[in-house]
Structures are given as C-alpha cells and as structure tokens.
Amino acid sequence: MLSGLRGARKLELPTPEQALPGRETAIETAHSHRVHGRPIAPPMPEGIEEIVFGMGCFWGAERVFWRQPGVYSTAVGYAGGYTPNPTYDEVCSGATGHTEVVRVFYDPDQVSLKTLLALFWEEHDPTQGMRQGNDRGTQYRSAIYTANETQQAIAEQSREQFQQRLGDKGLGSVTTEIRPLDVFYYAEEYHQQYLEQNPGGYCGLKGLGVQAG
C-alpha cells in the first residue's frame with residue numbers, strides 16, 4: 001500500500017479512451033464483515049442508507065467507519081473511474097481512473113450523515129489533490145460519492161463549512177470530489193477489513209487537526 005512499494009504513481013486521471021478495459025466478471029471478494037459478521041453487500045435491512053468515501057488508503061479509512069456507532073456495515077472497493085471490475089494492481093497503475101473508497105452502510109436513526117461527514121473531513125487531509133501523505137496517485141484522491149440529491153446537498157454544504165474552518169487557520173483549499181456514485185466495485189477479499197486481520201498493518205490516515213462541526 002505504501003507508494004514506494006510500487007514505484008511512482010500517476011498523478012493525472014486517464015480519459016475513458018485511455019483507461020484499461022477491465023472485465024465483465026466481478027472480482028471475488030468476501031461476503032460477510034470480519035468484525036461483526038454482517039453482510040458487506042446489499043440487500044441491507046430496511047432503513048439502512050449508504051454513502052461512499054475516498055480518504056486515501058482504504059485500509060485505515062474503513063476502520064474509522066466500522067468503529068462508528070450506528071454504522072451497520074462497511075466494505076472497501078473502487079469508484080470514480082472507468083474500468084469495469086478493476087483489480088487492485090490495475091487501480092494502482094493509475095490507468096483505471098478509480099480511487100480507493102469505503103462503502104458505508106448506516107442507520108440514520110442511530111448516526112447522522114453530518115456525523116459521518118465530520119469523520120470524513122477530520123480523519124484525513126482533503127487538500128492534497130492526487131495524494132494522501134506519502135501515498136501518491138489518482139487512487140488516493142479525496143472523494144465523496146453520494147446516493148441521492150439530499151446527500152449531495154448536505155455533502156456540498158459540509159465542504160463549504162470545512163473550507164471556512166481551513167481558511168480561518170490559513171490552510172489550503174479542499175480538493176475533494178463530490179458527485180453522485182456511478183458504480184462501486186468491491187476490492188479483493190484480503191482488503192476487506194484489512195486492519196482487523198492485520199492490526200499492525202499500514203495506516204496512513206492523518207487529519208489536519210481541524211474540527212468539522
């Protein structure tokens with residue numbers, strides 16, 4: 001997961017024509033969550049909503065959300081690009097357009113979207129463009145992929161509010177991509193809840209020390 005393990009990352013998104021062709025068949029992955037045993041893919045119980053976050057390396061980002069009360073389940077994968085059913089190596093090549101993301105299923109009666117967005121803004125640095133700390137490449141860009149117009153509006157408003165807080169501290173501009181989710185592709189099984197099975201594994205998450213709410 002460290003950038004040095006795989007060489008230099010591409011810092012520019014490919015066009016649809018440049019992207020790898022991918023495949024029709026989905027990549028094999030897990031079916032249940034390693035922490036609590038709940039499913040990591042729909043169908044979910046009635047009332048459960050979802051949103052997708054990109055915060056750099058998805059190992060640590062997923063742990064942030066599975067620990068949050070009111071989150072029903074989580075899964076890691078790829079979104080925001082062009083290549084259908086990409087592999088991890090393809091995403092890391094920079095030739096798919098995808099970023100590493102966490103799919104968060106949550107109960108809005110137990111945890112608000114505002115709380116989840118606060119975790120998103122506070123737990124990583126959303127000002128770095130195509131990188132997150134030492135991890136460099138398009139697959140590490142900050143992103144929020146929404147499920148409906150209400151989520152989109154709330155996410156955009158939260159970005160404006162966090163930008164104001166960054167400005168008050170003389171910090172940079174938010175580069176987070178916020179748009180409706182096109183397709184979420186599940187990552188390989190070994191990536192799911194990676195830090196649960198590898199407690200000492202790499203986690204590059206580092207916030208800016210700025211409160212979102």
Cβ pairs under 8 Å, 6+ apart or interchain, first in the range 186-207 and open to solvent by 80 Å² or more (accessible area, probe 1.4 Å), second assigned to a loop (DSSP other than H, G, I, E, B), ordered by first then second residue, are Glu189/Glu28; Glu189/Thr29; Glu189/Ala30; Glu196/Arg34; Glu196/Val35; Lys206/His124; Lys206/Asp125; Lys206/Gly133
So the check is Cβ under 6 Å with 6+ separation or different chains; which pairs have a first residue in the range 30-41 that's at pLDDT 95 or above and in a loop (DSSP other than H, G, I, E, B) and a second one that's open to solvent by 60 Å² or more (accessible area, probe 1.4 Å) and of a type in the set (D, E, K, R)?
Ala30/Glu189; Arg34/Glu196; Val35/Glu196
Reported set for the range 72-87 where residues are aromatic (Phe, Trp, Tyr) and over 14 Å from the mean Cα position of the chain (by Cα) is Tyr72, Tyr82
So Arg38, is it surrounded by 17 or more Cβ atoms within 10 Å (Cβ to Cβ) and touching a strand residue (DSSP E or B) at 6+ places or on another chain (Cβ under 8 Å):
no
Filter the range 145-172 for residues that are outside any helix (DSSP H, G or I) and within 17 Å of Leu116 (Cβ to Cβ) and give the result.
Tyr145, Thr146, Ala147, Asn148
Before we move on, is Ser73 without any contact (Cβ under 8 Å) to a residue 24 or more places away in the chain and of a type in the set (Ser, Thr, Tyr)?
no
Does the range 120-137 include one or more residues that are of a type in the set (Asp, Glu), touching a strand residue (DSSP E or B) at 6+ places or on another chain (Cβ under 8 Å) and under 29 Å from Gln164 (Cα atoms)?
yes
For Gln110, are the conditions met, namely being open to solvent by 10 Å² or more (accessible area, probe 1.4 Å) and not aromatic (Phe, Trp, Tyr)?
yes
Filter the range 137-150 down to the residues that are crowded, with 20+ Cβ neighbours inside 10 Å and over 12 Å from the mean Cα position of the chain (by Cα), then identify the one that is farthest from Val52 (Cα to Cα).
Gly137
Look through Thr15, Thr74 and report the one residue that is β-branched (Val, Ile, Thr) and surrounded by fewer than 20 Cβ atoms within 10 Å (Cβ to Cβ).
Thr15
If you scan the range 162-184, which residues turn out to be touching a helix residue (DSSP H, G or I) at 6+ places or on another chain (Cβ under 9 Å) and not aliphatic (A, V, I, L, M)?
Phe162, Arg165, Gly172, Ser173, Thr176, Arg179, Pro180
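The values are calculated or read from the model by the stated rules, or taken from the named source; none is laboratory data. Keep in mind the model is a prediction, meaning the values are calculated, not measured. With ideal geometry, Cβ positions are generated from the backbone for all residues, glycine too; neighbour counts draw on all protein chains shown. The area values use the complete protein model at the heavy-atom level, side chains included, leaving out ligands, DNA and RNA. Shrake-Rupley method; radii C 1.70, N 1.55, O 1.52, S 1.80 Å.
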